[in-house]
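Trainee: Once you've had a glance at the structure underneath, I'll fire off some questions.
The values are calculated or read from the model by the stated rules, or taken from the named source; none is laboratory data. Here the structure is a predicted model, which means the values were calculated and not measured. Cβ coordinates were reconstructed from backbone atoms using ideal geometry, including for glycine residues, and neighbour counts include every protein chain displayed. When the accessible area is computed, the model is the full protein with side chains, heavy atoms only, and any ligands, DNA or RNA have been set aside. Shrake-Rupley method; radii C 1.70, N 1.55, O 1.52, S 1.80 Å.
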Amino acid sequence: MASSPTVLMRLVASAYSIAQKAGTIVRRVIAEGDLGIIEKTCATDLQTKADRLVQVSICSSLARKFPKLTIIGEEDLPPEDVDQELIEDGQWEEILKQPCPSQYSAIKEEDLVVWVDPLDGTKEYTEGLLDNVTVLIGIAYEGKAIAGVINQPYYNYQAGPEAVLGRTIWGVLGLGAFGFQLKEVPAGKHIITTTRSHNSQLVTDCITAMNPDDVLRVGGAGNKIIQLIEGKASAYVFASPGCKKWDTCAPEVILHAVGGKLTDIHGNALQYNKEVKHMNSAGVLATLRNYDYYASRVPQSVKNALVP
């Protein structure tokens, strides 16, 4: 008789279904025509109706099924009654059939921390750059990102009116990452993906020192990691304290599960325990391959300016 799924695999299976519902909500908000945009701290730090609805949907759905979880979401929302239509209680059966890596088989619900970015690439969402947008659900244990789900609500949206929109990528360390075709940038090519809306002299100095063949400026940390795993870029470089733990937790898992590496600019692993500060204050450096090439070219002046 097969053993019942572990807490971790049940959580990932639930997060997959919840992320798919989130993608549906993201598309619905645009279709209805009212984005409900508000500025949080500045003109580039926006929140939309989709951010709010998706955060409520993800956090409430997870909390009902896994009441002992610690859930940390990007948006600071007041408690309110949750519309039942926002709740997703399904689980993706294909994930439940997968074996849980042995090192995680005894994890208890209360040992896990979930980091939620309901709409990564909000600014791009408001500007119609829909392929930049992702929904991120990252799962951490003992401070380490170990499982993650990324939904791309508008994947395939430029393929014509008959195209099926959206896809969901998921991964667990020790098991692998699924839902995409792994590709690599041709050997010897150095293509850097970086911020579209948070550029600075530090970012420019760091990228210039790496002597790239090309620089892609796009929105969303999730989108940038997908560029790495699909062979569109060879390094994600962000020499700035701009992104947060909910931006990197799920994407880091997907990248690490296929042999890549994500650290801060100093080469330190990011920590995801519930007490940690939310800001990735020492930036982000991520690659699928050749991490040492890029790490060795980070200028000392950039390292001095970004304190871990």
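Trainee: Quick check on GLU93: is it touching a Lys or Arg at 6+ places or on another chain (Cβ under 8 Å), among the acidic types (Asp, Glu) and at pLDDT 95 or above?
Mentor: No: the conditions fail for GLU93.
Trainee: Of (1) farther than 23 Å from LEU8 by Cα; (2) part of a loop (DSSP other than H, G, I, E, B), LYS40 satisfies all except one. Which?
Mentor: (2)
Trainee: Among what's in the range 68-82 and is surrounded by 14 or more Cβ atoms within 10 Å (Cβ to Cβ) and part of a loop (DSSP other than H, G, I, E, B), pick the residue that is modelled with the highest pLDDT.
Mentor: Of everything passing the filter in the range 68-82, LEU69 is modelled with the highest pLDDT.
Trainee: Right, next: Determine, yes or no, whether TYR293 is aromatic (Phe, Trp, Tyr), modelled with pLDDT of 95 or more and outside any loop (DSSP other than H, G, I, E, B).
Mentor: Yes: the conditions hold for TYR293.
Trainee: Could I ask something else about it? Tally the residues that are assigned to a strand (DSSP E or B) and open to solvent by less than 10 Å² (accessible area, probe 1.4 Å), restricting the search to the range 122-149.
Mentor: The qualifying residues number 12.
Trainee: Can you pull out every residue in the range 159-180 that is open to solvent by 40 Å² or more (accessible area, probe 1.4 Å), in a strand (DSSP E or B) and touching a Cys at 6+ places or on another chain (Cβ under 9 Å)?
Mentor: The answer is none; no residue qualifies.
Trainee: If you don't mind, another one. Filter the range 10-41 down to residues that are among the charged types (D, E, K, R) and either under 30 Å from VAL172 (Cβ atoms) or surrounded by 13 or more Cβ atoms within 10 Å (Cβ to Cβ) (or both), then give me how many there are.
Mentor: Count: 5.
Trainee: Tell me which of these LEU228 doesn't satisfy, since it passes every other one: (1) out of contact with any Gly (no Cβ under 9 Å at 6 or more places or on another chain); (2) in contact (Cβ under 8 Å) with a residue 24 or more places away in the chain.
Mentor: Condition not satisfied by LEU228: (1).
Trainee: State whether one or more residues within the range 222-239 are more than 25 Å from TYR154 (Cα to Cα) and out of contact with any Phe, Trp or Tyr (no Cβ under 8 Å at 6 or more places or on another chain).
Mentor: Looking for residues that are more than 25 Å from TYR154 (Cα to Cα) and out of contact with any Phe, Trp or Tyr (no Cβ under 8 Å at 6 or more places or on another chain), one finds at least one in the range 222-239, hence yes.
Trainee: Something else: Where residues in the range 272-308 are under 16 Å from the mean Cα position of the chain (by Cα) and among the β-branched types (Val, Ile, Thr), which of them is nearest to PRO212 (Cα to Cα)?
Mentor: Out of the qualifying residues, it is THR287.
Trainee: Quick one: how many residues across the range 272-298 are open to solvent by 30 Å² or more (accessible area, probe 1.4 Å) and of a type outside the set (A, V, I, L, M)?
Mentor: 11
Trainee: How many of the residues in the range 274-284 are in contact with a Lys or Arg (Cβ under 9 Å, 6 or more places away or on another chain) and in a loop (DSSP other than H, G, I, E, B)?
Mentor: So the answer is 5.
Trainee: Which one of these does GLN152 not meet: (1) open to solvent by 20 Å² or more (accessible area, probe 1.4 Å); (2) in contact with a Ser or Thr (Cβ under 7 Å, 6 or more places away or on another chain)?
Mentor: Tallying (1) open to solvent by 20 Å² or more (accessible area, probe 1.4 Å); (2) in contact with a Ser or Thr (Cβ under 7 Å, 6 or more places away or on another chain), GLN152 fails exactly one: (1).
Trainee: Any residue at all in the range 114-121 that is of a type in the set (Asp, Glu) and either exposed (fewer than 15 other Cβ atoms within 10 Å of the Cβ) or without any contact (Cβ under 8 Å) to a residue 40 or more places away in the chain (or both)?
Mentor: No, the conditions are met nowhere in the range 114-121.
Trainee: Right, something else. With respect to VAL54, is the statement that it is among the β-branched types (Val, Ile, Thr) and surrounded by fewer than 18 Cβ atoms within 10 Å (Cβ to Cβ) true?
Mentor: In short, no.
Trainee: Out of all the residues in the range 18-35, which are within 15 Å of PRO118 (Cα to Cα) and of a type outside the set (A, V, I, L, M)?
Mentor: GLN20, LYS21, GLY23, THR24, ARG27, ARG28
Trainee: Can you confirm whether the range 13-31 contains a residue that is without any contact (Cβ under 8 Å) to a residue 40 or more places away in the chain and part of a strand (DSSP E or B)?
Mentor: no
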